[in-house]
1. Can you give the local net charge around Pro105? Use residues other than it whose beta-carbon is closer than 15 angstrom to its beta-carbon, Lys and Arg +1, Asp and Glu -1.
2. What is region 62-150's relative contact order, in percent, from Cα pairs under 8 angstrom and six or more apart in sequence?
3. Could you grab the relative contact order for the chain? Cα pairs under 8 Å, six or more apart, rounded to a whole percent.
4. Could you give the size of the charge dipole of region 56-145 about its Cα centre, using +1 on the Cβ of each K and R and -1 on the Cβ of each D and E, expressed in debye and rounded to the nearest 20?
5. Among Thr55, Ile117, Pro167, whose Cα projects farthest towards the positive end of the dipole of the chain, with charges put on the beta-carbon of Lys, Arg (+1) and Asp, Glu (-1)?
6. For region 112-173, compute the orientation-averaged projected area of the C-alpha convex hull (one quarter of its surface), in nm².
7. Take the alpha-carbon centre of region 71-130, take the same for region 142-164, and report the distance between them in whole Å.
8. Near Asp36, within a Cβ-to-Cβ distance under 13 Å, what is the net charge of the other residues, with Lys and Arg +1 and Asp and Glu -1?
Amino acid sequence: MHTEITEYTADRFSIPMAQPFDEVVAAFELAVPPLDQTSLTEALARHRDWDTVETWTEQHAPRGFIRYWRNEPTALMAIAGHRSSCVSYLVGNHVVAERMYRFDPRVMGLAPFRVTISQRPGDPVLLTADVPSASFGSFGVGRITAVAHGLDREFAELLIALGAPVPEVLAEL
């Protein structure tokens with residue numbers, strides 16, 4: 001048995017946001033709704049096919065992304081004396097993920113991807129994420145990387161909708 005080891009560099013950006021922490025979180029969560037597992041399950045119970053998944057996703061991911069997970073460690077970390085605020089998410093789109101999965105199911109170790117909104121006392125609010133194409137490009141499959149470049153563009157559009165500047169690494173696509 002052969003163990004495969006792939007070294008790769010993930011490009012991460014942190015964008016300063018102009019709004020207060022709670023407003024950034026609220027705007028992000030409005031733009032990226034949570035996965036409605038009940039609704040998806042009900043839709044699939046009626047029509048168990050991929051077209052149903054695609055239609056459901058288009059209706060429930062208005063900006064192209066769904067929130068699969070949310071973690072807010074702020075209160076827990078405050079017990080240790082920290083005063084920073086932070087919310088982390090796993091966001092993605094299972095229809096887009098499938099377009100990479102068909103070439104290599106290991107992409108699911110990176111999909112959905114992480115987004116963090118954080119603020120240290122006295123500092124600006126930061127929205128932080130890895131560049132999708134940098135991470136998914138590590139599989140060395142051109143078709144996966146091409147799909148991931150589409151994720152880069154969709155994430156740039158989400159940032160614009162949030163009133164955030166688009167980092168160069170996304171703007172150059």
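1. +1
2. Numbers: 130 pairs, mean separation 21.3, N = 89.
Rounded, it is 24 percent for region 62-150.
3. Numbers: 252 pairs, mean separation 46.7, N = 173.
Reported relative contact order: 27 percent.
4. With only Lys, Arg, Asp and Glu charged at Cβ, the dipole is about 40 debye.
5. Ile117
6. 4.7
7. The distance from the Cα centre of region 71-130 to that of region 142-164 comes to 16 Å.
8. Working: positive: Arg67; negative: Glu42.
Net charge around Asp36: 0.
The values are calculated or read from the model by the stated rules, or taken from the named source; none is laboratory data. The structure presented is a predicted model; accordingly, all values stated were derived computationally and were not measured. Using ideal geometry, Cβ is built from the backbone for each residue, glycine included, and neighbour counts are taken over all protein chains shown. Surface accessibility is based on the protein's heavy atoms, side chains included, excluding ligands, DNA and RNA. Shrake-Rupley method; radii C 1.70, N 1.55, O 1.52, S 1.80 Å.
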